[in-house]
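**Student:** Sharing a structure with you now.
All of the numbers you see were taken from the coordinates with simple rules; none came from a lab. These figures come from a predicted structure and were not determined experimentally. Reconstructed Cβ throughout: ideal geometry from the backbone, glycine too, with neighbour counts over all protein chains shown.
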Amino acid sequence: MAHPRKSSLRIIFVAFFLILASVTVSSQQILTALEYFDTIGVNYAEITDYIATMTWSDETGSMSGTLYYKHPNLIRIDFDSPEEQVLVSNGELFMVYVPAFNVVLQQELRDIPGEAPGGLATPEGLSLMRRNFTIAYLEGPEPVPIDEDSDLLVTQLRLDRKQVTEGFRQIVLSVDETGFIRRILGTKVDWEEVRLDLDDMEINQNIPTARFDYPPEADASIYENFLFQPEG
């Protein structure tokens, strides 16, 4: 039987990709890809929360569910596939409930911007992306179908790593004509591709903070600090 940690590590990549799940950008008067990217950070600061449906795909399969985000660092995903699986961060603890093993993976978060899962979903995280990746249009600024047979038109940005220490060689963002990022495609250092698709986004829904409280199942086994040991 696979270890629950291995079974859930792919979920963590979802949280890191949320940097770009919650932002809107203006599609008018964009002169360069870098300027286009910079508007993401500007607009992100105006968003308090959002809800979206998401699908995550990699070489092992796919996952889907409902995503909740609240500024500055609250994240929750209620999965429908795998059914009843939950990922949640309340800013102090990051937890993944894996019902297949009836375990909760729990991590105390360090107070360092960008360290925690989902920590890139901040202006500081966007600044790190800007500093550590070169930014260009994938083909050009003109919208193209997101898939060959799709009616959804998107503008695509390509982010290429500057340093070999980055976990992704390249990230491609697909932004629709209303300014929402609909797909994030990442190529990891081992050339594996991972993809996050986002739909039905609802911005500034006044999500209560209590949504990000998650009491573990009473009979679940808890694995603490499964990613790293907290400092201090």
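**Student:** Students often get this wrong: which residues of the stretch 167-207 have the backbone nitrogen under 15 Å from the point 7 angstrom along Cα-to-C-beta of ALA136?
**Tutor:** 170-173
**Student:** Tell me, GLU108, GLU177 in order of fewest to most beta-carbon neighbours within 10 Å?
**Tutor:** Values: GLU108 16, GLU177 11.
If I rank by nearby Cβ atoms, fewest first, I get GLU177, GLU108.
**Student:** Right, next: In which sequence would ILE222, ILE77 go, from the one with the fewest C-beta neighbours within 10 Å to the one with the most?
**Tutor:** Working: ILE222 13, ILE77 24.
Listing ILE222, ILE77 from fewest to most nearby Cβ atoms yields ILE222, ILE77.
**Student:** Hey, another quick one. Points 7 angstrom from Cα along the Cβ direction at ASP80 and ARG169: gap in nanometres?
**Tutor:** According to this spin-label approximation, the distance is 3.5 nm.
**Student:** So, in nm, how far is label VAL189 from label LEU93 when the simple model puts each one 7 Å beyond its Cα toward the Cβ?
**Tutor:** Distance between label points: 3.1 nm.
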